1. Between GLU334 and GLU43, what FRET efficiency comes out of the Förster formula 1/(1 + (r/R0)^6) with R0 = 25 Å and r the beta carbon distance, rounded to 0.05?
2. Report, ordered by chain and residue number, the lysines lying within cross-link reach of LYS38, taken as a straight Cα distance under 29 Å and ignoring same-chain residues fewer than 8 apart.
3. Could you rank the peptides 145-152, 312-319 by their average count of other C-beta atoms within 10 Å per residue, with the highest value first?
4. With labels modelled as points extended 7 Å from the Cα through the Cβ direction, what inter-label distance (nm, one decimal) is found for ARG57 paired with GLU89?
5. Per 20 Å bin, what percent of the C-alpha pairs of the chain does each bin hold, from zero upward?
6. Taking the Cα centre of the chain as the origin, how large is its charge dipole in debye, to the nearest 20, when only Lys and Arg (+1) and Asp and Glu (-1) carry charge on their Cβ atoms?
7. Between GLY195, PRO285, VAL113, whose Cα lies farthest towards the positive end of the dipole of the chain when Lys and Arg beta carbons carry +1 and Asp and Glu beta carbons carry -1, centred on the Cα centre?
8. Expressed in nm to one decimal, what extension gain is obtained for the pair SER304 and ARG99 from 0.36 nm per residue of sequence separation less their Cα-Cα distance?
Amino acid sequence: MKNVLVTGGAGYIGSHACVELLEAGYRVLVIDNLSNSKTDALERVGGITGKSLDFIRCDLLDRDKLRKAFDVFRPDTVMHFAGLKAVGESVEKPLLYYRNNVSGTVNLLDVMVDSGVRNLVFSSSCTVYGEPDTLPITEDSPLGAVNPYGQTKLTIEYMLRDVVASRPDWNVSVLRYFNPVGAHPSGEIGEDPLGIPNNLMPYITKVAVGELPELSVWGDDYDTPDGTCIRDYIHVVDLARGHIKALQKLATDPGLMVHNLGTGRGYSVKEVIAGFRRATGQDIPCRIAGRRAGDAPAVYADPSRAAAELSWTAEFDLDAMCADAWRWQQKNPEGY
Ligand code: NAD
Ligand code: WQD
């Protein structure tokens, strides 16, 4: 199980996974169309690890090119990060999201079948739980997407379940991430959003560096202790390490497995702002704005299944998430 083909490996989470894979001794081929990333990330992965990895610029929708990449590299396992992820954009352009995420994954699975590759780790999301009725969220909590992006993740999950049912020799790990934040502690790789960030942590770092004037806090009248929404933020390095644990588990556990990757601890928007100040000394000017459509008051994981079955728990706390996000931002004010 030494050759790992990483789709979307030039992106935020995929690049951190590449570091962990190389450090654990795997050989890595990244497939990415660079629609939301740059090859600089991969060069820096090489710099951090002192190891080389291969890269082919390829769109998952280009099935012939994908097949050639499989023929050349002969992967044992696929880690599938490639996808579009902006919730708002998915509402505007649902077909773009279905084509890219769902059709792209159909192509990938077809090529895996043709090439005899039976091991897959898939990037799913807590978004598949929609607005949860009970907390913390377990893997058995009800599923239901509330936007097209979430629907693509859910559709892919169902597709994987059906493929595994038809092919009992397949081993598939579905990892449902909560809110990935932070950056590699080296400050060499991190999140590099195009334009104005949608997500909280990159927005905060852009305000701290002076690129944006202030943070809008989307609502302080929720039914939470301080009125702002609660999320389960998880350090991207912890998340990446969860993938190695899942990959190792595939070797011994056939079939489909599903795990939440979160810390199990929720923080409110105000707590994140306070944490950022504590960890970095930076004050974040903010104003209370109206609620953002589609935001659930509180979302956090029960990560105990991953602890029990994968021997994985998150190690970095909120201060480390903030400090590492800030180090990345300061070292790379323009991104890559
Ligand atoms: P990202 O945009 O940084 O990385 C995704 C990568 O996939 C990019 O490098 C992009 O160029 C590539 N890509 C997209 N479509 C492609 C295609 N058709 N063919 C080839 N390459 C393609 O995003 P990320 O934050 O690293 O997310 C990785 C995965 O994790 C995604 O599937 C995302 O939906 C999922 N996820 C992300 C979060 C989050 O908050 N970041 C949370 C839960 C799940
Ligand atoms: C976090 C909190 C906002 C920005 C998203 C996707 C989800 C998953 C993870 C991929 C919320 C508040 C934010 C701002 C704010 N991704 N906020 N001002 O919405 O929990 O989850 O990323 O699968 O599918 O929806 O993350 O970082 O956008 O927001 O007050 O400028 O910060 O209201 O409470 P979210 P987020």
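Every read-out reported here was derived from the displayed coordinates using simple, explicitly stated rules and does not represent laboratory data. Everything numeric here is computed off the predicted structure, so don't read it as measured data. For neighbour counting, all protein chains shown are included, and Cβ atoms are generated from backbone atoms with ideal geometry for every residue, glycine included.
1. 0.95
2. The qualifying lysines are LYS2, LYS51, LYS65, LYS68, LYS85, LYS93, LYS153, LYS206, LYS245, LYS331.
3. Answer by packing, highest mean first, reads 145-152, 312-319.
4. Placing both labels 7 Å along Cα→Cβ, they lie 1.8 nm apart.
5. 32, 61, 7
6. Magnitude of the dipole: close to 680 debye.
7. VAL113
8. 70.4 nm
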